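Since the structure comes first, as structure tokens, the remarks are kept for the end.
None of the figures in this text is laboratory data; all of them are computed from the coordinates on show. None of these values were measured; they are calculated from a predicted model. With ideal geometry, Cβ positions are generated from the backbone for all residues, glycine too; neighbour counts draw on all protein chains shown.
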Amino acid sequence: MATHDWKAITDRLVKYLRIKQTPVGVKYFESEEELRAVPKVRIPTRHISPCTTISQAVQLNWTVACLAQTVHINYCRGIHGMFARDEKWHSAKIFDKVYYDRLEDSQAHHEALACLPAKYVGLVASPLVSGRLEEPDACIIYADSAQTFMLLAGWQYYGYEKLTFTFVGESTCSDSWVSTILTGKPKVSIPSFADRKFGGLKDDELVISMKAEDLERAVNGVEQLFKNGLRYPIAPYSLTTDMIDGLPKSYLEY
């Protein structure tokens, strides 16, 4: 079913970056019949947020769905293309005097959100290694800052491009995998309050998202960086010694 060798990719993520959490894929569906056809998919019976769904796949190794009717509020449905954003959604009153002192700032936040087009009935998150999502819309990895740096440096190895990331405020999903789906670019996001409260992300974790082909490219780059001597974990050099001793001789020519 899978077009990528996810076991080999995941094994190399563990070998070279010591990734602790399960790399997962997410895929959106326009029909419930198609969604339910995903092998061994768990269908929720209680209210659940998309960020919780992702973390269930990451932390529990589940293949799990998030349906429009089980998402708890239209705010989240609107970001994930499960609800046509209406006047009430755009009023942004949900965050007035919560995250923002003025209603117009709350509205500005809503307008800044990256949102999927309103055509989906739900999404499925699943460990990449399971191969249950034929071609995920995005791949998601929870990692610390050093692992994040190395993975993105690996992506740049085979074709440099400056990457840019956003901080919209509440809603990590918008800054990370939703933005990846919309732009096709790798993204990194700081877990939000909701991600920590309902998604169980830890204080040292960041959310990385990229397309499947970009993850494979990044892992290939990480492997080459390893061969070049740039390895994780990054061995710290003393703050009180001459740093010349810790640099390759070639660096000193520049």
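Taking θ as phi - 60° and the Karplus parameters 6.51, -1.76 and 1.60, the scalar couplings of region 110-122 work out to 4, 5, 7, 5, 7, 10, 6, x, 7, 9, 10, 9, x Hz in sequence order, x denoting glycine and proline. Axis angle, to the nearest 10 degrees, between helix 145-157 and the longest C-alpha principal axis of the chain: 80 degrees. Ellipticity at 222 nm from helices only: DSSP H runs of n ≥ 4 in the chain, each -39500 (n - 2.57), divided by the residue count, give -10000 deg cm²/dmol. Given R0 = 35 Å, the distance between the Cβ atoms of Ala8 and Arg196 translates into a calculated FRET efficiency of 0.65. Summing charges over neighbours of Lys97, with a neighbour being any other residue whose Cβ is under 15 Å away from its Cβ, gives -3 when K and R count +1 and D and E count -1. Note that region 216-228 has calculated 3J(HN,Hα) couplings of 4, 4, 5, 5, 4, x, 4, 4, 6, 4, 4, 5, 7 Hz, one per residue in order, obtained from phi through the Karplus relation 6.51 cos²θ - 1.76 cosθ + 1.60 (θ = phi - 60°); glycine and proline are x.
Of the residues Glu87, Glu104, the one with the fewest other Cβ atoms within 10 Å heads the list, and the complete ranking is Glu87, Glu104. Here the Gaussian network model covers the chain, with springs between Cα atoms less than 10 Å apart; of Gly229, Gly122, Gly199, Gly229 fluctuates the most. Bridging of Lys227 to lysines at a Cα separation below 27 Å is possible for Lys7, Lys15, Lys20, Lys162, Lys185, Lys187, Lys211, Lys249, once same-chain residues fewer than 8 apart are set aside. If R0 equals 45 Å, the separation of the Cβ atoms of Ala153 and Ala118 corresponds to a calculated FRET efficiency of about 0.80. A simple rule links phi to the HN-Hα coupling: the Karplus curve 6.51 cos²θ - 1.76 cosθ + 1.60 with θ = phi - 60°, which for region 70-84 gives 9, 5, 6, 8, 5, 3, 5, 4, x, 5, 9, x, 9, 7, 6 Hz, with x for Gly and Pro.
Computed on the chain, with alpha-carbon pairs under 8 angstrom and 6+ residues apart, the relative contact order is 25 percent.
Relative to the dominant Cα principal axis of the chain, helix 6-17 is inclined by about 50°. Counting only alpha carbon atoms, the long axis of helix 50-60 and the longest principal axis of the chain meet at about 50°. The charge dipole of the chain, taken about the Cα centre with unit charges on the Cβ atoms of Lys, Arg (+1) and Asp, Glu (-1), comes to about 620 debye, rounded to the nearest 20.
The fewest-to-most ranking of Trp89, Trp6 by surrounding Cβ atoms within 10 Å reads Trp89, Trp6. Put a dot 7 Å past the Cα of Tyr251, heading toward its Cβ, do the same for Thr166, and the two dots end up 3.5 nm apart. Among Ala235, Ala118, Ala84, the residue with the largest mean-square fluctuation in a Gaussian network model of the chain, with springs joining Cα atoms closer than 10 Å, is Ala235.
Computed from the C-beta positions of Leu239 and Glu87, the FRET efficiency with R₀ = 41 Å rounds to 0.15.
Segment Asp105..Lys227, full-extension length gain: 39.1 nm, with 0.36 nm per residue of separation and the alpha-carbon distance subtracted.
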